[in-house]
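Trainee: The structure's right below; bear with me while I get my questions together.
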Amino acid sequence: MKRFLTMICALVAMCCVVQGQSITITKGAVGKQLDEESVLNGWYLGRHGKNDCWLTRTEDGPKSFVRSDDWQLVELDRNLNVYGRLELPMSRNCKVVAARTLDRYADVIMVDSSEARRLTLVKFEVDLDSMKLTGDKMDTLAQYVKEPADRGFVWGAVSENGEYVGVLTLLQMTKKKQYVAEARMYGTELDEELWSKEYAVGTTSSIAVSNDGDMVTFGYEDVDAEEHFTISVLGSKSGDTYGIKMNCDRVKDMQIVNIVGRKVLCAGLFSPRKSNPRDNMVGGTVSMAFDMDSAKVSNFIVRSFMNEDMNILLNKKTKKVQKSQEAQMVVPLSYVAMPYGAVLAVGHRHTMRYVNANGTVETSFYAQGIHLVALDEDGNVKWARNVRRNDMQKHTDEKLYMGLFAMGDTVCLVKSEHPKYPATYDIAKDVKELEMGDKSNLVLYAITENGDVKKTVLEQKTKHSLVSAAKRGGGEVVMLTLDNGKSRMVEMKIE
(Lines give C-alpha, C1' and ligand atoms only; values in the text may rest on other atoms or scores of the structure.)
Protein backbone atom coordinates (compact mmCIF):
# COMPACT_ATOMS: atom_id res chain seq x y z
CA MET A 1 0.00 0.00 0.00
CA LYS A 2 2.82 2.37 0.83
CA ARG A 3 4.38 1.93 -2.62
CA PHE A 4 1.00 2.63 -4.27
CA LEU A 5 0.62 5.90 -2.35
CA THR A 6 4.12 6.96 -3.33
CA MET A 7 3.36 6.52 -7.02
CA ILE A 8 0.13 8.47 -6.73
CA CYS A 9 1.95 11.37 -5.06
CA ALA A 10 4.52 11.33 -7.83
CA LEU A 11 1.84 12.25 -10.34
CA VAL A 12 0.47 15.20 -8.38
CA ALA A 13 1.47 18.54 -9.92
CA MET A 14 1.76 21.85 -8.07
CA CYS A 15 0.72 25.00 -9.92
CA CYS A 16 1.56 28.62 -9.13
CA VAL A 17 1.96 31.93 -10.94
CA VAL A 18 5.28 33.82 -11.20
CA GLN A 19 5.76 37.13 -13.06
CA GLY A 20 2.44 36.57 -14.84
CA GLN A 21 3.50 33.06 -15.92
CA SER A 22 2.05 29.74 -14.76
CA ILE A 23 4.49 27.25 -13.23
CA THR A 24 3.70 23.55 -12.90
CA ILE A 25 5.86 21.25 -10.77
CA THR A 26 5.70 17.47 -11.19
CA LYS A 27 7.69 15.20 -8.89
CA GLY A 28 8.81 11.78 -10.03
CA ALA A 29 8.98 8.70 -7.81
CA VAL A 30 11.79 8.41 -5.25
CA GLY A 31 14.00 5.37 -5.63
CA LYS A 32 17.39 3.88 -6.40
CA GLN A 33 16.86 3.17 -10.08
CA LEU A 34 19.83 5.44 -10.76
CA ASP A 35 22.77 5.37 -8.36
CA GLU A 36 24.07 8.54 -6.72
CA GLU A 37 27.31 8.62 -8.70
CA SER A 38 25.41 8.48 -12.01
CA VAL A 39 23.16 11.33 -10.91
CA LEU A 40 26.08 13.53 -9.84
CA ASN A 41 27.95 12.83 -13.10
CA GLY A 42 24.89 13.44 -15.29
CA TRP A 43 25.34 15.54 -18.44
CA TYR A 44 21.94 16.38 -19.94
CA LEU A 45 21.73 15.79 -23.69
CA GLY A 46 18.09 16.33 -24.59
CA ARG A 47 14.69 14.81 -25.15
CA HIS A 48 13.87 11.61 -27.06
CA GLY A 49 10.14 11.02 -27.32
CA LYS A 50 8.76 11.25 -23.78
CA ASN A 51 12.08 10.42 -22.13
CA ASP A 52 15.27 12.29 -21.28
CA CYS A 53 18.77 11.36 -22.46
CA TRP A 54 21.75 11.72 -20.13
CA LEU A 55 25.45 11.13 -20.53
CA THR A 56 26.93 9.80 -17.30
CA ARG A 57 29.39 7.37 -15.76
CA THR A 58 29.72 5.19 -12.66
CA GLU A 59 32.21 2.71 -11.25
CA ASP A 60 29.39 0.26 -10.60
CA GLY A 61 28.11 -0.10 -14.15
CA PRO A 62 25.85 -2.90 -15.46
CA LYS A 63 27.42 -6.37 -15.55
CA SER A 64 27.12 -6.38 -19.35
CA PHE A 65 29.59 -3.51 -19.63
CA VAL A 66 33.17 -4.27 -20.58
CA ARG A 67 34.42 -1.51 -18.27
CA SER A 68 32.17 -0.33 -15.47
CA ASP A 69 33.65 3.17 -15.52
CA ASP A 70 33.10 3.79 -19.23
CA TRP A 71 30.84 6.68 -20.13
CA GLN A 72 27.28 5.59 -20.86
CA LEU A 73 24.24 7.08 -22.54
CA VAL A 74 21.06 6.49 -20.56
CA GLU A 75 17.43 7.13 -21.51
CA LEU A 76 15.19 7.74 -18.48
CA ASP A 77 11.52 8.37 -17.84
CA ARG A 78 10.23 10.85 -15.24
CA ASN A 79 10.60 8.22 -12.49
CA LEU A 80 14.25 7.61 -13.50
CA ASN A 81 13.43 4.15 -14.82
CA VAL A 82 16.01 3.13 -17.43
CA TYR A 83 14.46 2.65 -20.87
CA GLY A 84 17.76 2.25 -22.66
CA ARG A 85 21.44 2.19 -21.78
CA LEU A 86 24.49 2.10 -24.02
CA GLU A 87 28.14 1.80 -23.06
CA LEU A 88 30.45 4.07 -25.01
CA PRO A 89 33.36 1.66 -25.54
CA MET A 90 36.93 2.61 -24.66
CA SER A 91 35.78 5.89 -23.08
CA ARG A 92 36.97 5.31 -19.51
CA ASN A 93 39.94 7.69 -19.96
CA CYS A 94 38.04 10.23 -22.03
CA LYS A 95 36.73 13.69 -21.18
CA VAL A 96 33.64 15.17 -22.81
CA VAL A 97 34.40 18.00 -25.24
CA ALA A 98 30.95 18.64 -26.74
CA ALA A 99 27.60 16.86 -26.88
CA ARG A 100 24.17 17.43 -28.38
CA THR A 101 20.98 15.71 -29.54
CA LEU A 102 19.60 16.38 -32.99
CA ASP A 103 16.48 14.61 -34.23
CA ARG A 104 16.88 10.91 -33.31
CA TYR A 105 20.66 11.04 -32.81
CA ALA A 106 22.96 11.92 -29.93
CA ASP A 107 26.45 13.13 -30.83
CA VAL A 108 29.31 13.09 -28.33
CA ILE A 109 32.90 14.25 -28.93
CA MET A 110 35.55 13.26 -26.38
CA VAL A 111 39.30 13.53 -25.97
CA ASP A 112 41.65 10.84 -24.66
CA SER A 113 44.88 12.28 -23.29
CA SER A 114 45.85 9.29 -21.12
CA GLU A 115 48.74 8.24 -23.38
CA ALA A 116 51.97 10.16 -22.90
CA ARG A 117 52.77 10.36 -26.62
CA ARG A 118 49.36 10.74 -28.18
CA LEU A 119 46.25 12.91 -27.95
CA THR A 120 43.17 11.35 -29.55
CA LEU A 121 39.91 13.04 -30.52
CA VAL A 122 36.97 10.60 -30.86
CA LYS A 123 33.26 10.78 -31.55
CA PHE A 124 30.25 8.63 -30.77
CA GLU A 125 27.02 8.89 -32.73
CA VAL A 126 24.12 7.06 -31.11
CA ASP A 127 20.84 6.16 -32.82
CA LEU A 128 18.39 6.76 -29.98
CA ASP A 129 15.65 4.69 -31.60
CA SER A 130 17.77 1.53 -31.49
CA MET A 131 20.18 2.71 -28.74
CA LYS A 132 23.14 1.57 -30.85
CA LEU A 133 26.28 3.25 -32.14
CA THR A 134 26.11 4.04 -35.84
CA GLY A 135 28.60 1.73 -37.48
CA ASP A 136 28.76 -0.20 -34.17
CA LYS A 137 31.93 1.60 -33.14
CA MET A 138 33.46 4.88 -32.06
CA ASP A 139 35.21 6.95 -34.72
CA THR A 140 38.59 8.63 -34.43
CA LEU A 141 38.42 12.23 -35.64
CA ALA A 142 42.10 13.07 -35.19
CA GLN A 143 45.30 11.93 -33.49
CA TYR A 144 48.14 14.18 -32.43
CA VAL A 145 51.61 12.79 -31.76
CA LYS A 146 53.41 14.53 -28.92
CA GLU A 147 56.30 14.26 -26.50
CA PRO A 148 55.56 13.33 -22.86
CA ALA A 149 56.41 16.88 -21.74
CA ASP A 150 54.08 18.48 -24.30
CA ARG A 151 50.67 19.73 -23.21
CA GLY A 152 47.41 19.31 -25.08
CA PHE A 153 44.28 21.44 -24.69
CA VAL A 154 40.90 20.81 -26.31
CA TRP A 155 37.82 23.06 -26.31
CA GLY A 156 34.40 22.28 -27.75
CA ALA A 157 31.24 24.31 -28.31
CA VAL A 158 27.81 23.86 -29.88
CA SER A 159 25.99 26.73 -31.60
CA GLU A 160 22.77 27.92 -29.99
CA ASN A 161 20.68 26.47 -32.82
CA GLY A 162 22.43 23.09 -32.44
CA GLU A 163 23.45 22.96 -36.09
CA TYR A 164 27.21 23.41 -35.63
CA VAL A 165 29.79 21.76 -33.39
CA GLY A 166 33.25 23.32 -33.17
CA VAL A 167 36.41 21.79 -31.71
CA LEU A 168 39.73 23.56 -31.14
CA THR A 169 42.82 21.48 -30.33
CA LEU A 170 46.01 23.19 -29.17
CA LEU A 171 49.26 21.27 -28.76
CA GLN A 172 51.93 23.10 -26.79
CA MET A 173 55.41 21.74 -27.57
CA THR A 174 57.60 22.41 -24.54
CA LYS A 175 61.05 21.78 -26.00
CA LYS A 176 60.44 23.64 -29.25
CA LYS A 177 58.58 26.45 -27.45
CA GLN A 178 55.98 26.34 -30.20
CA TYR A 179 52.34 25.41 -30.47
CA VAL A 180 50.00 24.07 -33.12
CA ALA A 181 46.29 24.90 -33.06
CA GLU A 182 43.75 23.16 -35.27
CA ALA A 183 40.08 24.13 -35.58
CA ARG A 184 37.37 21.78 -36.82
CA MET A 185 33.75 22.52 -37.63
CA TYR A 186 30.96 19.97 -38.05
CA GLY A 187 27.42 20.39 -39.32
CA THR A 188 24.20 18.57 -38.59
CA GLU A 189 25.99 15.26 -39.19
CA LEU A 190 29.26 14.69 -37.36
CA ASP A 191 30.41 12.69 -40.39
CA GLU A 192 30.16 16.01 -42.25
CA GLU A 193 33.34 17.93 -41.45
CA LEU A 194 32.61 21.34 -42.90
CA TRP A 195 36.19 22.55 -42.55
CA SER A 196 39.39 22.04 -40.57
CA LYS A 197 42.45 24.29 -40.59
CA GLU A 198 45.48 25.24 -38.55
CA TYR A 199 45.33 28.76 -37.12
CA ALA A 200 47.62 30.90 -35.00
CA VAL A 201 44.99 31.66 -32.38
CA GLY A 202 47.34 32.76 -29.60
CA THR A 203 46.33 32.67 -25.92
CA THR A 204 43.00 30.87 -25.52
CA SER A 205 40.71 30.34 -22.53
CA SER A 206 37.35 29.66 -24.19
CA ILE A 207 35.63 29.24 -27.55
CA ALA A 208 32.13 29.70 -28.93
CA VAL A 209 30.34 28.85 -32.18
CA SER A 210 27.91 31.23 -33.86
CA ASN A 211 24.65 30.22 -35.53
CA ASP A 212 26.40 30.98 -38.85
CA GLY A 213 29.09 28.37 -38.21
CA ASP A 214 31.97 30.68 -37.27
CA MET A 215 34.29 29.77 -34.41
CA VAL A 216 35.37 32.52 -32.02
CA THR A 217 38.24 32.05 -29.56
CA PHE A 218 39.08 34.28 -26.60
CA GLY A 219 42.07 34.47 -24.28
CA TYR A 220 43.84 36.87 -21.94
CA GLU A 221 47.12 37.25 -20.04
CA ASP A 222 48.69 39.79 -17.71
CA VAL A 223 51.77 41.42 -19.27
CA ASP A 224 53.72 44.30 -17.67
CA ALA A 225 50.74 45.68 -15.72
CA GLU A 226 48.49 45.44 -18.79
CA GLU A 227 45.84 42.93 -19.80
CA HIS A 228 46.41 41.50 -23.27
CA PHE A 229 43.32 40.02 -24.91
CA THR A 230 43.35 37.80 -27.99
CA ILE A 231 40.24 37.18 -30.09
CA SER A 232 40.18 35.01 -33.22
CA VAL A 233 37.30 34.70 -35.69
CA LEU A 234 37.66 31.52 -37.73
CA GLY A 235 35.63 30.41 -40.72
CA SER A 236 35.76 28.09 -43.69
CA LYS A 237 37.43 30.69 -45.92
CA SER A 238 39.45 32.87 -43.56
CA GLY A 239 40.72 33.31 -40.04
CA ASP A 240 41.63 36.56 -38.33
CA THR A 241 43.26 37.14 -34.95
CA TYR A 242 43.10 40.43 -33.08
CA GLY A 243 45.26 41.59 -30.17
CA ILE A 244 43.86 44.11 -27.69
CA LYS A 245 45.73 45.81 -24.85
CA MET A 246 43.99 47.31 -21.84
CA ASN A 247 45.45 49.32 -18.96
CA CYS A 248 43.12 47.89 -16.33
CA ASP A 249 42.88 45.66 -13.26
CA ARG A 250 43.87 42.00 -13.55
CA VAL A 251 41.23 39.85 -15.22
CA LYS A 252 40.13 36.49 -13.75
CA ASP A 253 37.88 33.68 -15.02
CA MET A 254 36.84 35.64 -18.12
CA GLN A 255 35.24 33.80 -21.03
CA ILE A 256 32.85 34.12 -23.96
CA VAL A 257 29.30 34.11 -22.60
CA ASN A 258 27.27 34.79 -25.76
CA ILE A 259 27.38 35.76 -29.42
CA VAL A 260 24.56 38.20 -30.18
CA GLY A 261 24.37 38.78 -33.91
CA ARG A 262 27.93 39.81 -34.83
CA LYS A 263 28.93 40.85 -31.32
CA VAL A 264 31.00 38.64 -29.03
CA LEU A 265 30.17 39.17 -25.35
CA CYS A 266 32.77 38.17 -22.73
CA ALA A 267 32.48 38.36 -18.94
CA GLY A 268 34.38 37.46 -15.79
CA LEU A 269 35.91 38.88 -12.63
CA PHE A 270 38.68 41.34 -11.88
CA SER A 271 41.36 41.47 -9.21
CA PRO A 272 42.54 44.96 -8.14
CA ARG A 273 45.93 45.79 -9.62
CA LYS A 274 47.13 47.05 -6.23
CA SER A 275 46.47 43.69 -4.54
CA ASN A 276 48.93 40.80 -4.27
CA PRO A 277 47.96 38.09 -6.82
CA ARG A 278 48.57 35.43 -4.17
CA ASP A 279 45.82 36.93 -1.98
CA ASN A 280 43.21 36.00 -4.60
CA MET A 281 41.24 39.21 -4.07
CA VAL A 282 38.23 39.98 -6.27
CA GLY A 283 36.87 43.48 -6.66
CA GLY A 284 33.88 42.90 -8.95
CA THR A 285 32.87 41.88 -12.45
CA VAL A 286 34.16 42.86 -15.88
CA SER A 287 32.56 42.64 -19.32
CA MET A 288 33.71 43.28 -22.87
CA ALA A 289 31.94 43.37 -26.23
CA PHE A 290 33.79 42.80 -29.49
CA ASP A 291 32.26 43.65 -32.87
CA MET A 292 33.29 41.04 -35.47
CA ASP A 293 32.44 43.33 -38.39
CA SER A 294 34.48 46.36 -37.28
CA ALA A 295 37.07 44.21 -35.42
CA LYS A 296 36.89 46.64 -32.50
CA VAL A 297 36.01 46.51 -28.82
CA SER A 298 32.71 48.34 -28.52
CA ASN A 299 32.76 48.40 -24.72
CA PHE A 300 34.86 47.43 -21.72
CA ILE A 301 32.94 47.72 -18.44
CA VAL A 302 34.26 47.24 -14.90
CA ARG A 303 31.68 47.04 -12.11
CA SER A 304 33.05 47.10 -8.56
CA PHE A 305 31.26 45.32 -5.74
CA MET A 306 28.86 47.58 -3.85
CA ASN A 307 28.23 47.50 -0.09
CA GLU A 308 25.16 45.26 -0.46
CA ASP A 309 27.10 42.86 -2.70
CA MET A 310 29.84 42.49 -0.09
CA ASN A 311 27.36 41.85 2.71
CA ILE A 312 25.64 39.14 0.69
CA LEU A 313 28.95 37.45 -0.22
CA LEU A 314 30.10 37.54 3.43
CA ASN A 315 26.61 36.75 4.84
CA LYS A 316 26.27 39.97 6.80
CA LYS A 317 23.23 42.20 7.31
CA THR A 318 22.79 44.62 4.41
CA LYS A 319 22.92 47.63 6.80
CA LYS A 320 26.49 46.81 7.79
CA VAL A 321 29.00 49.22 6.26
CA GLN A 322 31.95 47.37 4.75
CA LYS A 323 35.32 49.12 4.87
CA SER A 324 36.60 47.11 1.91
CA GLN A 325 34.81 46.46 -1.38
CA GLU A 326 36.99 43.45 -2.16
CA ALA A 327 36.67 39.81 -1.13
CA GLN A 328 38.76 36.67 -1.30
CA MET A 329 37.71 33.37 -2.86
CA VAL A 330 34.91 34.77 -5.02
CA VAL A 331 34.42 32.56 -8.08
CA PRO A 332 32.05 32.30 -11.06
CA LEU A 333 29.13 29.96 -10.38
CA SER A 334 27.43 30.06 -13.77
CA TYR A 335 27.17 31.98 -17.04
CA VAL A 336 23.96 31.95 -19.09
CA ALA A 337 23.28 33.46 -22.50
CA MET A 338 20.18 35.66 -22.72
CA PRO A 339 18.36 37.10 -25.76
CA TYR A 340 19.54 40.56 -24.67
CA GLY A 341 23.08 39.52 -23.69
CA ALA A 342 24.06 37.37 -20.70
CA VAL A 343 23.84 36.91 -16.93
CA LEU A 344 26.89 36.14 -14.78
CA ALA A 345 26.50 34.59 -11.30
CA VAL A 346 29.37 34.66 -8.80
CA GLY A 347 29.66 33.54 -5.19
CA HIS A 348 31.97 33.15 -2.22
CA ARG A 349 33.34 29.57 -2.04
CA HIS A 350 35.87 28.37 0.50
CA THR A 351 37.11 25.20 2.20
CA MET A 352 37.91 24.56 5.86
CA ARG A 353 40.14 21.72 7.05
CA TYR A 354 40.13 20.58 10.68
CA VAL A 355 42.82 18.39 12.24
CA ASN A 356 41.36 16.23 15.01
CA ALA A 357 43.23 15.19 18.15
CA ASN A 358 43.97 11.79 16.62
CA GLY A 359 45.54 13.39 13.55
CA THR A 360 42.71 12.75 11.12
CA VAL A 361 41.61 15.57 8.84
CA GLU A 362 38.01 16.62 8.21
CA THR A 363 37.15 18.87 5.28
CA SER A 364 34.07 21.06 4.97
CA PHE A 365 33.04 23.08 1.92
CA TYR A 366 31.13 26.36 2.12
CA ALA A 367 29.16 28.49 -0.35
CA GLN A 368 27.97 31.96 0.66
CA GLY A 369 26.01 34.50 -1.34
CA ILE A 370 25.06 34.70 -5.02
CA HIS A 371 25.73 37.93 -6.90
CA LEU A 372 24.09 38.20 -10.34
CA VAL A 373 24.94 40.75 -13.03
CA ALA A 374 22.97 41.12 -16.27
CA LEU A 375 24.71 42.47 -19.38
CA ASP A 376 23.35 43.74 -22.67
CA GLU A 377 24.94 42.87 -26.02
CA ASP A 378 27.41 45.74 -25.65
CA GLY A 379 28.58 44.63 -22.21
CA ASN A 380 26.68 47.35 -20.35
CA VAL A 381 25.29 46.40 -16.93
CA LYS A 382 21.49 46.22 -17.08
CA TRP A 383 21.04 45.29 -13.43
CA ALA A 384 22.74 43.60 -10.48
CA ARG A 385 20.86 41.53 -7.90
CA ASN A 386 21.82 39.45 -4.88
CA VAL A 387 20.50 36.20 -3.41
CA ARG A 388 21.23 34.94 0.11
CA ARG A 389 23.12 31.69 0.59
CA ASN A 390 24.97 30.05 3.47
CA ASP A 391 25.42 26.37 2.57
CA MET A 392 27.86 23.76 3.83
CA GLN A 393 28.72 20.17 2.98
CA LYS A 394 31.24 17.88 4.65
CA HIS A 395 33.83 15.80 2.77
CA THR A 396 32.68 16.92 -0.71
CA ASP A 397 31.09 19.91 -2.45
CA GLU A 398 28.97 17.95 -4.93
CA LYS A 399 25.64 19.17 -3.50
CA LEU A 400 26.61 22.85 -3.26
CA TYR A 401 24.76 23.36 -6.52
CA MET A 402 22.61 26.06 -8.07
CA GLY A 403 21.02 26.00 -11.53
CA LEU A 404 20.79 29.04 -13.82
CA PHE A 405 18.92 29.13 -17.12
CA ALA A 406 17.03 31.47 -19.44
CA MET A 407 13.28 31.43 -20.01
CA GLY A 408 12.76 34.04 -22.69
CA ASP A 409 13.93 37.39 -21.26
CA THR A 410 13.67 36.05 -17.68
CA VAL A 411 16.63 34.42 -15.95
CA CYS A 412 15.71 31.65 -13.50
CA LEU A 413 17.81 30.49 -10.55
CA VAL A 414 16.89 27.28 -8.72
CA LYS A 415 18.54 26.10 -5.51
CA SER A 416 18.05 24.35 -2.19
CA GLU A 417 17.95 26.69 0.79
CA HIS A 418 17.33 26.76 4.53
CA PRO A 419 13.60 26.34 5.35
CA LYS A 420 13.73 29.41 7.64
CA TYR A 421 14.63 31.76 4.78
CA PRO A 422 11.82 34.25 4.02
CA ALA A 423 9.24 32.93 1.56
CA THR A 424 9.50 36.17 -0.42
CA TYR A 425 12.55 37.92 -1.87
CA ASP A 426 14.03 39.52 1.24
CA ILE A 427 17.81 39.78 1.66
CA ALA A 428 18.10 42.28 4.54
CA LYS A 429 19.24 39.81 7.22
CA ASP A 430 22.06 37.29 7.40
CA VAL A 431 20.90 33.67 7.19
CA LYS A 432 21.50 30.42 9.07
CA GLU A 433 23.88 27.79 7.82
CA LEU A 434 22.34 24.88 5.90
CA GLU A 435 24.15 21.55 5.86
CA MET A 436 23.23 19.91 2.56
CA GLY A 437 21.17 16.80 3.22
CA ASP A 438 19.19 18.42 6.03
CA LYS A 439 15.63 19.52 5.39
CA SER A 440 15.52 22.39 2.90
CA ASN A 441 13.21 24.23 0.54
CA LEU A 442 13.51 23.96 -3.24
CA VAL A 443 13.14 27.54 -4.51
CA LEU A 444 13.00 29.49 -7.74
CA TYR A 445 14.15 33.09 -8.24
CA ALA A 446 12.81 34.59 -11.47
CA ILE A 447 14.41 37.89 -12.57
CA THR A 448 12.97 39.81 -15.50
CA GLU A 449 14.91 41.83 -18.08
CA ASN A 450 14.19 44.94 -15.97
CA GLY A 451 15.61 43.33 -12.83
CA ASP A 452 12.31 42.61 -11.05
CA VAL A 453 12.74 39.60 -8.72
CA LYS A 454 10.08 37.09 -7.71
CA LYS A 455 10.83 34.23 -5.33
CA THR A 456 8.73 31.07 -5.30
CA VAL A 457 9.05 28.11 -2.93
CA LEU A 458 8.57 25.06 -5.14
CA GLU A 459 8.81 22.46 -2.38
CA GLN A 460 8.97 22.82 1.40
CA LYS A 461 11.08 20.96 3.98
CA THR A 462 12.43 18.19 1.83
CA LYS A 463 15.59 16.19 2.53
CA HIS A 464 16.23 16.05 -1.20
CA SER A 465 19.09 18.33 -2.31
CA LEU A 466 19.14 19.79 -5.80
CA VAL A 467 22.21 18.49 -7.69
CA SER A 468 21.40 19.13 -11.36
CA ALA A 469 19.09 21.26 -13.51
CA ALA A 470 18.79 21.52 -17.28
CA LYS A 471 16.54 23.32 -19.73
CA ARG A 472 14.53 20.99 -21.96
CA GLY A 473 13.16 23.67 -24.22
CA GLY A 474 9.56 24.66 -24.74
CA GLY A 475 9.38 26.23 -21.29
CA GLU A 476 10.40 23.06 -19.43
CA VAL A 477 13.17 22.39 -16.92
CA VAL A 478 14.26 19.03 -15.54
CA MET A 479 15.92 18.80 -12.11
CA LEU A 480 17.58 15.91 -10.28
CA THR A 481 17.64 15.66 -6.48
CA LEU A 482 19.33 13.29 -4.01
CA ASP A 483 18.53 12.09 -0.51
CA ASN A 484 20.91 9.52 1.03
CA GLY A 485 21.42 7.65 -2.21
CA LYS A 486 17.79 7.92 -3.31
CA SER A 487 17.26 9.95 -6.47
CA ARG A 488 14.29 11.77 -7.96
CA MET A 489 13.38 13.85 -10.98
CA VAL A 490 11.43 17.09 -10.67
CA GLU A 491 9.91 18.64 -13.78
CA MET A 492 9.08 22.34 -13.96
CA LYS A 493 7.04 23.82 -16.76
CA ILE A 494 6.74 27.59 -17.20
CA GLU A 495 4.00 28.92 -19.49
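The values are calculated or read from the model by the stated rules, or taken from the named source; none is laboratory data. It should be emphasised that the depicted structure is a prediction, and the values quoted were computed from it without experimental measurement. Quick reminder, even Gly has a Cβ in these numbers, built from the backbone with ideal geometry, and neighbours come from all protein chains shown. To get the accessible areas, we keep the full protein, side chains included, count just its heavy atoms, and leave off ligands, DNA and RNA. Shrake-Rupley method; radii C 1.70, N 1.55, O 1.52, S 1.80 Å.
Trainee: Along the Cα→Cβ direction, 7 angstrom out, place labels at Arg104 and Glu160. What is the inter-label distance in nm?
Mentor: The answer from the label model is 3.1 nm.
Trainee: What is the calculated FRET efficiency for Asn356 to Asn484, with r their C-beta to C-beta distance and R₀ = 30 Å, to the nearest 0.05?
Mentor: 0.75
Trainee: Could you state the principal axis extents of the C-alpha atoms in the chain, from the largest down, to the nearest angstrom?
Mentor: Extents along the principal axes: 65, 61, 58 Å.
Trainee: Give me the extension gain from Lys176 to Lys319: residue separation times 0.36 nm, minus the current Cα-Cα distance, reported in nm with one decimal.
Mentor: 45.8 nm
Trainee: Moving on to the next point. For the stretch 342-477, what does the equivalent ellipsoid look like in terms of its semi-axes, each the square root of 5 times an eigenvalue of the Cα gyration tensor, given largest first in whole Å?
Mentor: Working from the Cα gyration tensor, I get semi-axes of 29, 17, 14 Å.
Trainee: Can you tell me what percent of all Cα-Cα pairs in the stretch 337-409 are more than 17 Å apart?
Mentor: For the stretch 337-409, the share of Cα pairs beyond 17 Å comes to 56 percent.
Trainee: Grab the Cα-Cα distance for Arg67 and Lys296, subtract it from 0.36 nm times how many residues apart they are, and report the gain in nm with one decimal.
Mentor: 77.4 nm
Trainee: Right, something else. Put a dot 7 Å past each Cα toward the Cβ at Val223 and Glu495; how far apart are the dots in nm?
Mentor: Placing both labels 7 Å along Cα→Cβ, they lie 5.6 nm apart.
Trainee: Also, quick follow-up: Would you mind checking Lys27/Lys399; Lys420/Lys455; Lys316/Lys420; Lys382/Lys493 for any pair whose Cα atoms are more than 22 angstrom apart?
Mentor: Flagged as over cut-off: Lys382/Lys493.
Trainee: Measure off 7 Å from each Cα along the Cα-to-Cβ vector at Asp452 and Ala142, then give the distance between these two points in nanometres to one decimal.
Mentor: It works out to 4.9 nm between the two label points.
Trainee: Plugging the Kirkwood radius over Cα pairs into Stokes-Einstein for the stretch 96-248, at a temperature of 20 °C and a viscosity of 1.002 mPa s, what D comes out in µm²/s?
Mentor: 130 µm²/s
Trainee: Something else: Determine, at each q value in 0.18 (inverse angstroms), the log₁₀ of I(q)/I(0) that the Debye formula gives when each Cα of the stretch 303-385 is one equal point scatterer.
Mentor: Calculated log10 I(q)/I(0) at the listed q: -0.82.
Trainee: I've got another one for you. Find out how many positive minus negative residues lie around Gln322, taking Lys and Arg as positive, Asp and Glu as negative, among other residues whose Cβ is under 15 Å from that of Gln322.
Mentor: +1
Trainee: Enumerate by residue number the chymotrypsin sites (Phe, Trp or Tyr not before Pro) in the stretch 77-136 meeting two conditions: DSSP loop (anything except H, G, I, E, B), and at most 10 other Cβ atoms within 10 Å of the site's Cβ.
Mentor: For chymotrypsin sites (Phe, Trp or Tyr not before Pro) across the stretch 77-136 that sit outside H, G, I, E and B with at most 10 neighbouring Cβ atoms in 10 Å, the list is empty.
Trainee: Estimate the FRET efficiency between Thr24 and Ala406 by the formula 1/(1 + (r/R0)^6), using the beta-carbon distance for r and 25 Å for R0, to the nearest 0.05.
Mentor: Once the sixth-power term is evaluated, E becomes 0.85.
Trainee: Which aspartates and glutamates have a Cα lying under 12 Å from the Cα of Lys320, excluding residues fewer than 8 positions away in the same chain?
Mentor: Of all the aspartates and glutamates, those that pass the test against Lys320 - Cα under 12 Å, at least 8 places apart if same chain - are Glu308, Asp309, Asp430.
Trainee: Rounded to the nearest 20 Debye, what is the dipole magnitude of the stretch 323-418 about its Cα centre when Lys and Arg each give +1 and Asp and Glu each give -1 at the C-beta? Before the final figure, lay out the partial values.
Mentor: Values: 10 positive and 10 negative charges, 80 e Å.
Roughly 380 debye for the stretch 323-418.
Trainee: Okay, next question. Please report the carbon-and-sulfur percent of the accessible area for the chain; probe 1.4 Å, protein heavy atoms only, DNA, RNA and ligands left out.
Mentor: 46 percent
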